[in-house]
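The values are calculated or read from the model by the stated rules, or taken from the named source; none is laboratory data. Since the structure is predicted, the reported quantities are computational estimates derived from the model, not experimental observations. Neighbour counts are summed over all protein chains in view; Cβ atoms, including those assigned to glycine, are modelled from backbone coordinates with ideal geometry.
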C-alpha cells in the first residue's frame, strides 16, 4: 500500500510541474492559466492553508484540494500542450521542488486576517458585556 501511495504522490508532483510549464505555453487558454497558476502556487507554497499539525484536517488540503485542482486544470489544457510538457516536467522534478514564498505570504496574511477578525469579535461581543 505504501508503494501505491508513493507512486500516487510522485505522479501528483509530476502533474504540478507539468502545470508549471503548461501555464507558460501560449496555446493554453487564459482561464486554464489562471487555474494553473493558483494550483502551482499553492502546491509549491511552503505554508499550507490548513497546517499539517492539525489532526486529519491538516492533510485534507494536500489529499483533496491539490489533486482536485490538478484534475480540473488538466481538463482545460489542450492535450498537445500536456504531452509536450510531460518530459520537461519529469526533468524539472529531478531537481527538486521550488518554494513559492509569495503564496506562503498570502496564506499567512489570510491567517492573520482571520485572527484579527476573531479578536475583534471577541473584544466586541464577549469582553464588552
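Taking into account only those residues within the stretch 51-75 that are touching a helix residue (DSSP H, G or I) at 6+ places or on another chain (Cβ under 8 Å) and at pLDDT 85 or above, which is surrounded by the fewest Cβ atoms within 10 Å (Cβ to Cβ)?
The extreme case among them is 72.
If a residue must be farther than 10 Å from residue 74 by Cα, free of Cβ contacts under 8 Å to residues at least 60 places away in the same chain and in a helix (DSSP H, G or I), how many such residues does the stretch 17-34 contain?
4
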